[in-house]
1. What is the order of B:TRP166, B:TRP225, B:TRP191, fewest Cβ neighbours within 10 Å to most?
2. Taking 8 Å as the Cα distance limit and 6 or more residues as the minimum spacing, I'd like the relative contact order of the stretch A:3-217 as a percentage.
3. Looking at the stretch A:153-196, which GluC sites (Glu not before Pro) are DSSP coil and have at most 16 other C-beta atoms within 10 Å of their C-beta?
4. Give the order of B:SER95, A:SER137 when sorted by the count of other beta carbons within 10 angstrom, beginning with the fewest.
5. Using +1 at the Cβ of each Lys and Arg and -1 at the Cβ of each Asp and Glu in chain B, identify which of B:PRO60, B:PHE173, B:THR209 lies farthest towards the dipole's positive end.
6. What residues have an amide H closer than 5 Å to that of A:VAL252, excluding those fewer than 5 places away on the same chain, when H is modeled at 1.01 Å from N in the peptide plane?
7. Please report B:VAL272, B:VAL266 as a ranked list, fewest other C-beta atoms within 10 angstrom at the top and most at the bottom.
8. Per residue of B:3-9, count partner chain C-beta atoms within 10 Å of its C-beta, then hand back the mean as an integer.
Amino acid sequence: MEKVIETVNLTKAYKKVLAVNNLNLRVHEKDVFGFLGPNGAGKTTTIKMMMGITKPTRGGVKILGYDVFKDGVKAKMQIGFVPDQFDFYPELNAVEHLNYYASLFRIPKEERSKRIDELLGMVGLSERKNSKVKTYSHGMRQRLVIAQALINKPKLLVLDEPTVGLDPKGSYETRQLIKKLGKEIPIFISSHLLYEVQEVCNRVGIINNGKLLRVDSIDNLTKLGGEINVQIECINMDEELINAVRGIDGVVDLSADGNILKAKVKNSELIPEIVTVITKEGGRIKSVSEVTLSLEDVFLRLTGEKNEG
Amino acid sequence: MRDELTGICNIAKKEFYMNFKTKRLLVIGIILGVVFISASTYGGILIGGNPDEPLYKQGPNTVLGMVLSITSIFPAILAIALSYDSIVGERVKKSIYLLLSKPVSRNEIFCGKFLGAFSSIAVVYVAVLSIGYICIIGVSGVLPSAGDVLKACGALGLILLCIACWAALAMFFSTLFKTTTSCLIVSIVMWLFIIPIISQIGVVYYAVTTNALTSYGFKNTDFPWYAKMLYAINPDNCMSAYSNILGGVGQTMRVLSTKESLTGMVLFFIVVFILGLYIFGKTDLD
């Protein structure tokens with residue numbers, strides 16, 4: 001698979017702070033890649049280096065095969081970018097903005113108006129297209145910034161917190177749009193909204209303190225550590241029963257909450273054994289379910305903000 | 001190269017359009033227009049109707065020279081007002097991130113922004129000067145010769161060059177500072193104090209050490225090279241060479257010849273513009 005983003009030993013230092021530390025990242029053409037990290041982890045700095053806005057202290061970035069700092073213009077010709085912080089020119093309207101950005105992509109005039117109408121329709125700004133941007137709400141600006149990112153029919157989309165500040169409906173619509181676009185082009189999304197990443201991305205990179213901790217598919221990440229969480233709803237649970245289950249070799253952790261027994265086991269083959277022990281001890285099982293880790297659990301575990309177990 | 005020129009032109013077009021949409025250019029342009037046209041009309045009345053009047057014989061360029069002298073503060077005001085926030089303003093508002101994500105180099109952005117600011121001021125100045133000149137001719141009834149019109153165009157050229165110098169300086173500061181206020185203050189302080197003071201040091205030193213200054217002015221106008229060089233670092237000093245072109249009206253002290261003034265402004269512009277380009281190219285815009 002072809003690499004659309006490749007960073008090699010990408011490092012950015014600000015005086016004594018190492019914002020990004022030897023980042024080696026590869027995003028492929030079929031990826032909708034989520035870039036996760038707590039505030040100050042180095043996500044935005046990484047994206048700014050990818051877009052050639054900030055220069056790295058060391059290392060390099062290749063986008064669609066072009067070195068961003070040598071062939072930045074060629075690379076940017078094929079990228080759509082939504083920054084986390086941005087503003088428009090207050091005196092211009094949506095059409096004037098898109099027309100200006102389209103002109104910078106050297107899109108012929110005759111193609112521009114059709115493309116602009118399509119995009120404004122897509123993001124739901126057609127009715128306000130001739131209003132000055134200074135009269136737009138935050139949500140409308142966020143939709144316009146997505147429209148400008150698509151003006152050049154990009155081969156790669158880089159989105160830095162694309163749903164920040166949107167209301168639930170706007171946020172949902174944006175996610176649907178990202179999902180739809182993700183079927184056509186690779187997308188790199190930086191976000192701190194884990195459910196958003198879990199919903200739209202197929203691969204995730206987790207960064208903390210400037211260091212890339214892990215890159216994997218969401219499926220693999222949620223099976224992190226190889227342990228399986230089992231949740232058993234059981235009647236007639238007592239201390240003896242709990243101790244009997246705890247005594248099974250391969251049960252790593254066990255906790256009881258009312259009628260619910262939560263166990264962490266080394267492999268799924270242990271589940272029938274647990275069921276047998278519970279039945280033997282007089283417990284009546286109502287349901288058994290295998291619970292996978294949420295991305296949030298994985299994220300918190302990797303970034304060290306939640307203790308194991 | 002062709003793509004770069006297209007990029008510069010597209011950015012310049014948008015800047016030009018924005019300048020005419022915002023009130024800044026409109027307000028200063030109207031004030032300039034009112035002062036310039038009023039002074040031109042009054043000057044036209046003064047020289048008109050009396051063929052024996054010495055000013056009448058010198059023609060409309062004499063009045064134009066006086067009007068340009070009265071309005072000599074405007075080139076710098078307009079240039080600084082329209083250029084000081086061209087880079088730093090986008091940086092503060094964060095609109096620069098959208099611009100930098102487009103396939104244009106920083107050089108194109110800098111050149112385009114400069115061209116946009118300069119062309120909008122130039123349009124205002126050319127319009128105001130043309131209307132003023134027509135007023136002088138219309139009110140006085142004195143027709144200029146073809147040579148006079150050419151000289152007026154030459155004077156306009158010098159003023160435009162002066163505008164380019166101040167605009168380049170304001171843009172240079174715009175790449176250096178992180179807030180619009182600090183950029184505006186530094187640009188104004190440089191224009192009103194630092195550059196004028198430095199530019200006079202050579203002349204003052206010459207006057208003090210050689211007793212060349214009398215109560216009637218300088219004994220001779222052959223200033224030493226160091227005085228000329230320092231004097232030429234102020235584009236406003238160089239701009240006053242329009243007086244040489246228009247017949248010596250409105251100039252109290254002639255330190256530089258027209259050619260020297262022109263050279264001074266061109267060098268000032270090139271150095272400051274290239275410095276601005278260099279710094280903008282190297283700055284980390286985070």
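No lab work stands behind these numbers, since they all come straight from the coordinates. In this text, all values refer to a predicted model and were calculated from it rather than measured experimentally. Cβ placement follows ideal geometry from the backbone for every residue including glycine, while neighbour counts extend to all protein chains displayed.
1. On the way: B:TRP166 30, B:TRP225 8, B:TRP191 21.
With the fewest neighbours first, B:TRP166, B:TRP225, B:TRP191 line up as B:TRP225, B:TRP191, B:TRP166.
2. Numbers: 407 pairs, mean separation 65.2, N = 215.
Reported relative contact order: 30 percent.
3. On the way: sites: A:GLU173, A:GLU184, A:GLU196; in loops: A:GLU184.
Answer by residue number: A:GLU184.
4. Details: B:SER95 19, A:SER137 12.
Least to most surrounded, the residues fall as A:SER137, B:SER95.
5. The residue sitting farthest along the positive end of the dipole is B:PHE173.
6. Amide H neighbours of A:VAL252: A:LYS264, A:VAL265, A:LYS266.
7. Ranking B:VAL272, B:VAL266 by Cβ neighbours within 10 Å, fewest first, gives B:VAL266, B:VAL272.
8. Numbers: counts 3, 1, 0, 3, 5, 0, 1.
For this peptide, the per-residue mean of nearby foreign Cβ atoms is 2.
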